[in-house]
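Step one of this worksheet: look at the structure below.
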Amino acid sequence: MRTHAQAVVIGGGVIGCSILYHLAKLGWTDSVLLERSELTSGSTWHAAANIHGLHDSTNISRLQHYTMQLYKDLEAETGQGCGVFQPGSLYLAQTEAREHQLRLQEAKARRYRMNFHEVSRDEAERLHPLVDFTGIRCIMFEPDGGNVDPSGVTMAYAAGARALGADIHRFTPVTGTEAQPDGSWIVRTPAGEIRTRWVINAAGLWAREVAALAGLELPLLPTEHQYFVTETIPEIAALGRRLPSVADRDGEYYLRQEGQGLLVGAYEKDMRFWAEEGTPPGFGHELFPDDLERIEPNMLRAIARVPAVGTAGIKRVINGPMIWSPDSAALFGPVPEMTGYFCCCGIIPGFSQSGGLGKLAAEWMVQGEPSLDMFGWDLARFGPWAGRDFTRARVRDQYANRFKIHFPGEERAAGRPARTRPAYALQQGLGAVFGLNAGWEHPLYFDANTPDSAGFTRQPWWHSVGCEARMLRAAAGIIDISNFAKTRVAGPGAEAWLNALFANRMPAQVGRSCLTPLIGARGGVAGDFTVTRLGEHEFWVVGSGMAERFHQRFFRQVPLPAGTTVESLTDRVCGFNVAGPRARDLLARLTKADLSNAGFAFFRSARITVAGVDCVAIRVSFTGDLGWELHCAVGDQGALYSALLEAGRDLGAGPVGSRALMSLRVEKGYGSWGRDYSPEYWPQESGLEGLIRAGKDFLNKSAWLAIADRPPRDRMMMLSLDATEADASGGEPVFLPDGTPVGQVSSGAYGYSVEASLAIAYLRADAVRPGDAVTVAILGRPCAARVLAAPPFDPEGRRLRG
């Protein structure tokens, strides 16, 4: 066994073998995979191994499409059969909402030239004569859908990796992973130790145990999962061809051909956890006793749809374990607090995603960043707040509602509240309806008489949110911005460190602020921040709260000068944004500070006292209106909030939630990181190139220089839509009137103060200009829209500087 390797992959399932293969493909041929037992042990060997390309997330669709196309190439490259069957997949919609979902996915398929299209009932009956399509509103067909052989695919990845020079050691359990002072790791096994720059935890059912070796706790829990295979069905045996699989997600089961029978699987409401205290070390190729009574309701729905299931005998039942994260998405990426420790765990549809995850993992380690923005699956989305109780509640909800539609902006109640701030009870009393952001409860809107709901169309709370947005534009609003990430950088090297990190030049004078992008390893936008100078050697950095842990990776890449400290204040400091044309009048009632333009100009900051509470005040507002951010100690949040509300009462001001804030910032055309700003887009595509100072060094400057002079591929633009039933939310494809795809929406909302349905979108720079007509796939159908030359609200910026 080698004593040194560029990377050590722990886990010999399909994901681990894919990562090893793709690392070797990118040149890391001295990488090693260690498997405690035989390859495929754990969850891989007993998987149903269905493959499908479409997903609600555009980038996951691209990842899955790559995986589906890879298998036949892998067979040709390695000579190892993958058992690929691609008779296609039929997707059925029983409800209006499911039809909207499928039509939107079909529009995305046209945008990316994937094979997914609607078929008539007659064509569907020809494709699958055993299905009763009664009650089906819409049928989509994915010709490349099907299934693979789990062992065959895993062995093909392994064969490909070995052929490129990588090593695989079976029956070699890892007994220790020890971080070294130089950033490397020592991986210990009974057969010896390996020193490496990267440890990759792809241990599947044992991911928790492997993580614990490094002092890491992952929010994962295993469950049981059952499917059964029928005896031979005469109609299938006589057909002479393979039937397409059936995705009847409203029926909460999946179904495909297996041999001359059918395989039916279900995610039942009466689910079962397994091995909550830890996966047994000796477990490998075992199964659990079958318990088909638990999935009987799902089985009956499958029988109603495919009556042949009910007349066939059951040949075998598979009841095996799978391991879940709290949102059923992978825990993917380097651990931000560590150097050289990568996770790829908690993957549910592993055979639809193995190739894409392996490719992106290899890119991240070898090239410094994946080619697709994977923030939605980045393990950094969870923190210590995602503890045992939260994880258990969320996994239960995710399993039992596996096929439930995840609507845009949907909030699920399981496991909440996880974290609350002092103003939570006060906000409840004001009628707040809460959402979850980085573990925190935060107000979505204030109307207890209108419960939260989710859907593709406008929901009842749409009117309540409109009242808040109009109130702020007419008078003032008070928005809880405690979720913003807040970092204090202090010491004699603070300015130098920030200049070495960020692309803009840091403020030279106390009380001045700046906006700055953070540049990624490929030259794209990895983040956007407000930096304000509060003292000669003290700065505050305000950024995305949900991305705080993600951004730690970048912060750790720049060495700290002696005597300089970087500390997160997010848990200790709360904040409110007081915004709107009467914001100055409201605050003047509570502070002696000079709030005039001369005394407190736009983008200035100061320490002031508001209603007896010490605050850091920054004159800026994400609403695009006149406003101040007020940041205070967490213990003062309740008192400050009460004072602001009382002072604003007779001015017509009141509390405003995050959904109104979304509308307000879209009216102004302000981008939001994780939606509009992404490492996939260059600064000149996002309108941020003017904030980059080429005359100084900064993190990833060489990557930016490599793309700085290139013309934009896409450009961030605003659209006004002729929408009346639903608004864009993000991910909707955009087409020219002739059907040519030209981009996609990154954010959308109704602009209540400008009375227009609006979207921020990335559109092909060579194909679209202001004033052009386009269509946006709203509810999956073309909706007329036009490209705006400027934001519809206050395009000259007079309000925020007033």
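Checking the condition open to solvent by less than 20 Å² (accessible area, probe 1.4 Å) and either of a type in the set (F, W, Y) or not in a strand (DSSP E or B) (or both), which residue from V768, V745, V754 passes? Break it down stepwise before answering.
Working: V745 fails: either of a type in the set (F, W, Y) or not in a strand (DSSP E or B) (or both); V754 fails: open to solvent by less than 20 Å² (accessible area, probe 1.4 Å).
So the residue among V768, V745, V754 that is open to solvent by less than 20 Å² (accessible area, probe 1.4 Å) and either of a type in the set (F, W, Y) or not in a strand (DSSP E or B) (or both) is V768.
What pairs come up if the first residue lies in the stretch 770-795 and is over 19 Å from E732 (Cα atoms), the second is surrounded by 15 or more Cβ atoms within 10 Å (Cβ to Cβ) and of a type in the set (D, E), and their beta carbons are under 8 Å apart, counting only those six or more places apart or on different chains?
P791/E667; P792/E667; F793/E667; D794/D625
Is it the case, given these coordinates, that A156 is closer than 21 Å to G350 by Cβ, of a type in the set (A, V, I, L, M) and in contact with a Ser or Thr (Cβ under 6 Å, 6 or more places away or on another chain)? Reasoning before the result, please.
Working: closer than 21 Å to G350 by Cβ: yes; of a type in the set (A, V, I, L, M): yes; in contact with a Ser or Thr (Cβ under 6 Å, 6 or more places away or on another chain): yes.
Yes.
Table: residues versus (1) among the acidic types (D, E); (2) under 21 Å from S621 (Cβ atoms); (3) open to solvent by 60 Å² or more (accessible area, probe 1.4 Å).
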site: A418; (1), (2), (3): no, no, no
site: L436; (1), (2), (3): no, no, no
site: D447; (1), (2), (3): yes, no, no
site: R473; (1), (2), (3): no, yes, no
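Just give me the residues in the stretch 301-346 being assigned to a loop (DSSP other than H, G, I, E, B), touching a helix residue (DSSP H, G or I) at 6+ places or on another chain (Cβ under 6 Å) and not small (G, A, S), in sequence order.
At the first step, the residues of the stretch 301-346 found to be assigned to a loop (DSSP other than H, G, I, E, B) are 306-307, 312-313, 325-330, 335-340, 346.
Next, only the ones that are touching a helix residue (DSSP H, G or I) at 6+ places or on another chain (Cβ under 6 Å) stay: 326, 328-330, 336.
P326, P336, listed by residue number.
Looking only at the stretch 55-64, decide whether some residue is open to solvent by 10 Å² or more (accessible area, probe 1.4 Å) and farther than 30 Å from P408 by Cα. Lay out the reasoning, then the answer.
Of all residues in the stretch 55-64, those open to solvent by 10 Å² or more (accessible area, probe 1.4 Å) come to 55-59, 62.
In the following step, the residues that additionally are farther than 30 Å from P408 by Cα were identified as none.
Taking every residue of the stretch 55-64 in turn, none turns out to be open to solvent by 10 Å² or more (accessible area, probe 1.4 Å) and farther than 30 Å from P408 by Cα.
Which of the residues that make up the stretch 236-277 are more than 21 Å from N401 (Cα to Cα), open to solvent by 20 Å² or more (accessible area, probe 1.4 Å) and touching a helix residue (DSSP H, G or I) at 6+ places or on another chain (Cβ under 6 Å)?
Q260
Hey, any hits in the stretch 786-794 for a residue that's part of a strand (DSSP E or B) and either in contact with a helix residue (DSSP H, G or I) (Cβ under 8 Å, 6 or more places away or on another chain) or open to solvent by 40 Å² or more (accessible area, probe 1.4 Å) (or both)? Reasoning before the result, please.
Residues of the stretch 786-794 part of a strand (DSSP E or B): 786-788.
Filter again for either in contact with a helix residue (DSSP H, G or I) (Cβ under 8 Å, 6 or more places away or on another chain) or open to solvent by 40 Å² or more (accessible area, probe 1.4 Å) (or both), leaving 786.
Checked against the condition, which is being part of a strand (DSSP E or B) and either in contact with a helix residue (DSSP H, G or I) (Cβ under 8 Å, 6 or more places away or on another chain) or open to solvent by 40 Å² or more (accessible area, probe 1.4 Å) (or both), the stretch 786-794 yields at least one hit.
From the list F698, F793, F735, which one is touching an Asp or Glu at 6+ places or on another chain (Cβ under 9 Å) and at pLDDT 95 or above? Even if it seems obvious, please write down each step before you answer.
Values: F698 fails: touching an Asp or Glu at 6+ places or on another chain (Cβ under 9 Å); F735 fails: touching an Asp or Glu at 6+ places or on another chain (Cβ under 9 Å).
When all the criteria are applied, what remains is F793.
I need every pair where a residue in the stretch 360-377 that is without any contact (Cβ under 8 Å) to a residue 24 or more places away in the chain has its Cβ under 7 Å from the Cβ of a residue that is aliphatic (A, V, I, L, M) and open to solvent by less than 10 Å² (accessible area, probe 1.4 Å), sequence separation at least 6 or different chains.
P370/L360
State all residues of the stretch 355-368 that are buried (at least 21 other Cβ atoms within 10 Å of the Cβ) and among the charged types (D, E, K, R); if no residue qualifies, say none.
Result: K359, single match.
When you check S43 against the structure, is it on the phi < 0 side of the Ramachandran plot, touching a Leu at 6+ places or on another chain (Cβ under 7 Å) and crowded, with 24+ Cβ neighbours inside 10 Å, yes or no?
On the way: on the phi < 0 side of the Ramachandran plot: yes; touching a Leu at 6+ places or on another chain (Cβ under 7 Å): yes; crowded, with 24+ Cβ neighbours inside 10 Å: no.
Here the answer is no, as S43 does not meet what is asked.
List the pairs whose first member sits in the stretch 99-124 and is open to solvent by less than 20 Å² (accessible area, probe 1.4 Å), whose second member is in a helix (DSSP H, G or I) and not aromatic (F, W, Y), and whose Cβ atoms are under 7 Å apart, counting only residues at least 6 apart or on separate chains?
Hits for this filter: K108/T58; K108/S61; F116/Q105; F116/E106; F116/A109.
Of all residues in the stretch 734-770, which are of a type in the set (V, I, T) and either over 22 Å from the mean Cα position of the chain (by Cα) or over 20 Å from Q105 (Cβ atoms) (or both)? Please lay out each step first, then the result.
Restricting attention to the stretch 734-770, the residues satisfying the condition of being of a type in the set (V, I, T) are 734, 740, 742, 745, 754, 760, 768.
Once the filter is applied, which keeps residues that are of a type in the set (V, I, T) and either over 22 Å from the mean Cα position of the chain (by Cα) or over 20 Å from Q105 (Cβ atoms) (or both), the stretch 734-770 yields T740, V742, V754, I760, V768.
On the basis of being under 19 Å from G333 (Cα atoms), at pLDDT 95 or above and open to solvent by 10 Å² or more (accessible area, probe 1.4 Å), does Q6 make the cut? Please lay out each step first, then the result.
Details: under 19 Å from G333 (Cα atoms): yes; at pLDDT 95 or above: yes; open to solvent by 10 Å² or more (accessible area, probe 1.4 Å): yes.
Answer is yes for this residue.
Test P408 against the criterion of being without any contact (Cβ under 8 Å) to a residue 40 or more places away in the chain and either closer than 20 Å to T450 by Cα or aromatic (F, W, Y) (or both), and give yes or no. Give the derivation first.
Numbers: without any contact (Cβ under 8 Å) to a residue 40 or more places away in the chain: no; either closer than 20 Å to T450 by Cα or aromatic (F, W, Y) (or both): yes.
Answer is no for this residue.
Is it fair to say V613 is aliphatic (A, V, I, L, M) and out of contact with any helix residue (DSSP H, G or I) (no Cβ under 6 Å at 6 or more places or on another chain)?
Numbers: aliphatic (A, V, I, L, M): yes; out of contact with any helix residue (DSSP H, G or I) (no Cβ under 6 Å at 6 or more places or on another chain): no.
No, not satisfied.
What's the number of the condition V542 fails, among (1) farther than 28 Å from A639 by Cβ; (2) part of a strand (DSSP E or B); (3) open to solvent by less than 20 Å² (accessible area, probe 1.4 Å); (4) hydrophobic (A, V, I, L, M, F, W, C)?
Condition (1) is where V542 drops out.
Taking only pairs six or more apart or across chains, which ones have beta-carbon atoms under 8 Å, a first residue in the stretch 719-744 that is on the phi > 0 side of the Ramachandran plot, and a second residue that is of a type in the set (K, R)?
Hits for this filter: G730/R675; G731/K108; G739/R110; G743/R764.
For the stretch 78-93, indicate whether the set of residues that are more than 17 Å from Y254 (Cα to Cα), modelled with pLDDT under 95, open to solvent by less than 40 Å² (accessible area, probe 1.4 Å) and part of a loop (DSSP other than H, G, I, E, B) is non-empty.
Let us first name the residues in the stretch 78-93 that are more than 17 Å from Y254 (Cα to Cα), namely 78-84.
Subset that is modelled with pLDDT under 95: none.
No, the stretch 78-93 has no match at all.
Which of the helices (runs of 4 or more DSSP H) found entirely inside the stretch 548-660 contain at least 3 residues meeting this: open to solvent by less than 20 Å² (accessible area, probe 1.4 Å) and closer than 28 Å to S464 by Cα? I'd like the intermediate steps shown before the answer.
Numbers: elements: 548-555, 583-588, 637-648.
Passing ranges, in order: 583-588, 637-648.
Among the residues of the stretch 498-529, write down those that are hydroxyl-bearing (S, T, Y) and within 28 Å of the chain's Cα centre (by Cα). Give the derivation first.
Taking the stretch 498-529 and keeping what is hydroxyl-bearing (S, T, Y), we get 513, 516.
Selection gives T516 alone.
Tell me the strands (runs of 3 or more DSSP E) entirely within the stretch 430-514 that contain at least 3 residues that are farther than 30 Å from G780 by Cα.
Working: elements: 432-437, 440-446, 477-480, 485-490.
Qualifying strands (runs of 3 or more DSSP E): 440-446, 477-480, 485-490.
Scan P129, P150 and give me the residue that is touching a residue at least 60 places away in the same chain (Cβ under 8 Å) and open to solvent by 40 Å² or more (accessible area, probe 1.4 Å).
Details: P150 fails: open to solvent by 40 Å² or more (accessible area, probe 1.4 Å).
Only one candidate qualifies: P129.
The values are calculated or read from the model by the stated rules, or taken from the named source; none is laboratory data. A quick note: this is a predicted structure, and the numbers were derived from the prediction, not measured. Methodologically, a virtual Cβ is constructed for each residue, glycine included, from the backbone with ideal geometry; neighbour enumeration extends over all protein chains shown. Only protein heavy atoms, including side chains, enter the accessible area calculation; ligands, DNA and RNA are left aside. Shrake-Rupley method; radii C 1.70, N 1.55, O 1.52, S 1.80 Å.
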